[in-house]
Amino acid sequence: MPKTVIKRSRQTAQYFIEDLGSGIELEMVLIPGGSFLMGSPEDEPERFSDESPQHEVTIIPFCVGKYPVTQAQWKAVASLPQVNEELDADPFHFKGENHPVKRISWFDAVEFCDRLSSHTKRLYRFPSEAEWEYACRAGTTTPFHFGETITTDLANYRGTDEKEGKWSGSYGQGPKGIYRAETTPVGSFGIANAFGLYDMHGNVWEWCADHWHDNYEGAPKDGSAWLDDNDNQKHMLRGGSWYDFPRNCRSACRDGYVAGSRIVSIGLRVVCAAAWDE
């Protein structure tokens with residue numbers, strides 16, 4: 001069997017920190033602009049047809065959370081004045097201040113961004129699907145930002161399955177691993193991509209701004225969110241989760257849920273639309 005190769009590198013990222021009060025901080029990383037091929041090639045193992053056609057997208061610089069939003073950060077923002085919707089300050093099942101928030105709907109996440117924007121006087125939002133994939137890949141073209149495969153030493157996903165079905169926990173030439181059956185603290189694997197972002201594969205799915213589309217025919221090429229004129233309430237998710245098999249944690253993998261869904265594996269990572277201030 002060919003040897004599994006995982007790429008590791010050390011990079012320096014520019015970032016700023018938002019003070020959310022009570023000692024809670026939100027680290028935001030600068031993502032440089034550039035162009036990339038969005039979607040997966042047709043020979044990528046275990047790909048889905050909705051990842052086609054591959055197309056070039058140009059991204060302008062933006063700032064994104066170093067980690068998924070944590071439970072501590074959620075509680076801090078949920079305590080801020082309401083903008084439009086009420087927020088449950090404690091919607092969690094797996095407890096841990098440094099675990100990612102989960103079981104939140106699209107509407108919950110929008111209210112979180114609105115309160116954060118009001119508090120910081122910066123515009124916070126979700127990433128577009130293109131921004132998310134660009135940030136995840138960080139210049140790579142492999143299924144995962146650290147290489148051709150994935151292991152449960154590097155990310156939190158379903159690395160084994162008692163039923164040993166078709167998707168039994170391994171990907172490509174990679175090994176099977178463990179199934180933790182819960183989230184892990186953000187950044188706990190110590191593996192960042194070249195942009196300095198953690199937990200882009202697994203742990204929790206992350207809401208994106210776009211409406212769901214069955215493929216990339218007609219998709220924007222400027223990195224903007226792809227929104228329908230009609231009231232399409234199914235929104236994009238990226239990244240996979242602790243509950244998912246590794247094929248769902250690939251850089252190109254995409255899913256969608258209706259806006260009101262509160263699924264145990266869904267969280268978020270925020271983008272700051274404000275200009276970078278050195």
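Output the residues belonging to region 203-261 that are of a type in the set (A, V, I, L, M) and touching a residue at least 24 places away in the same chain (Cβ under 8 Å). So that I can check it myself, show each step before the final result.
In the first step, residues of region 203-261 are kept if they are of a type in the set (A, V, I, L, M); the result is 204, 209, 219, 225, 227, 236-237, 252, 258-259.
Correct list: Val204, Ala209, Ala219, Ala225, Met236, Leu237, Ala252, Val258, Ala259.
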**OP:** Considering (1) within 23 Å of Glu129 (Cβ to Cβ); (2) modelled with pLDDT under 95; (3) not polar (S, T, N, Q), say which one Pro81 fails and leave the rest.
**Re:** (1)
**OP:** Give the residues of region 195-225 that are in contact with a Pro (Cβ under 7 Å, 6 or more places away or on another chain) and surrounded by 24 or more Cβ atoms within 10 Å (Cβ to Cβ), sorted by residue number.
**Re:** Asp199, Asn203, Val204, Glu206, Cys208
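Go over the candidates Pro45, Pro100, Pro68 one by one and state the one that is more than 19 Å from the chain's Cα centre (by Cα) and under 25 Å from Ile150 (Cα atoms).
Values: Pro100 fails: more than 19 Å from the chain's Cα centre (by Cα); Pro68 fails: more than 19 Å from the chain's Cα centre (by Cα).
Among Pro45, Pro100, Pro68, only Pro45 is more than 19 Å from the chain's Cα centre (by Cα) and under 25 Å from Ile150 (Cα atoms).
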Original post:
For Gly96, which of the numbered conditions (1) surrounded by 16 or more Cβ atoms within 10 Å (Cβ to Cβ); (2) within 21 Å of Trp207 (Cβ to Cβ); (3) in contact (Cβ under 8 Å) with a residue 60 or more places away in the chain; (4) not hydroxyl-bearing (Ser, Thr, Tyr) fails to hold?
Top reply: (1)
**OP:** Just name the residue that is surrounded by the most Cβ atoms within 10 Å (Cβ to Cβ) out of those in region 227-268 that are among the aliphatic types (A, V, I, L, M) and in a strand (DSSP E or B).
**Re:** Leu237
**OP:** Kindly indicate whether Trp207 is under 13 Å from the mean Cα position of the chain (by Cα), closer than 19 Å to Ile104 by Cβ and not in a strand (DSSP E or B).
**Re:** no
**OP:** Test each condition in (1) touching a residue at least 40 places away in the same chain (Cβ under 8 Å); (2) under 29 Å from Pro91 (Cβ atoms); (3) crowded, with 17+ Cβ neighbours inside 10 Å for Asp161 and report the one that comes out false.
**Re:** (3)
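Is there a residue being under 19 Å from the mean Cα position of the chain (by Cα) and hydrophobic (A, V, I, L, M, F, W, C) anywhere in region 77-90? Step through it out loud before you land on a result.
Step one: list which residues in region 77-90 are under 19 Å from the mean Cα position of the chain (by Cα), which gives none.
No, region 77-90 contains no residue that is under 19 Å from the mean Cα position of the chain (by Cα) and hydrophobic (A, V, I, L, M, F, W, C).
Is there a residue in region 101-119 that is without any contact (Cβ under 8 Å) to a residue 12 or more places away in the chain and either hydroxyl-bearing (Ser, Thr, Tyr) or surrounded by 17 or more Cβ atoms within 10 Å (Cβ to Cβ) (or both)?
Of all residues in region 101-119, those without any contact (Cβ under 8 Å) to a residue 12 or more places away in the chain come to 117.
Those still in the list that are either hydroxyl-bearing (Ser, Thr, Tyr) or surrounded by 17 or more Cβ atoms within 10 Å (Cβ to Cβ) (or both) too: 117.
Checked region 101-119: at least one residue is without any contact (Cβ under 8 Å) to a residue 12 or more places away in the chain and either hydroxyl-bearing (Ser, Thr, Tyr) or surrounded by 17 or more Cβ atoms within 10 Å (Cβ to Cβ) (or both).
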Original post:
What's the number of the condition Thr140 fails, among (1) surrounded by fewer than 18 Cβ atoms within 10 Å (Cβ to Cβ); (2) more than 21 Å from Thr58 (Cα to Cα); (3) not acidic (Asp, Glu)?
Top reply: (2)
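The values are calculated or read from the model by the stated rules, or taken from the named source; none is laboratory data. All figures in this text were calculated on a predicted structure; none of them were measured in a lab. Because the Cβ atoms are built from the backbone with ideal geometry, glycine has one as well, and the counts that use them run over all protein chains shown.
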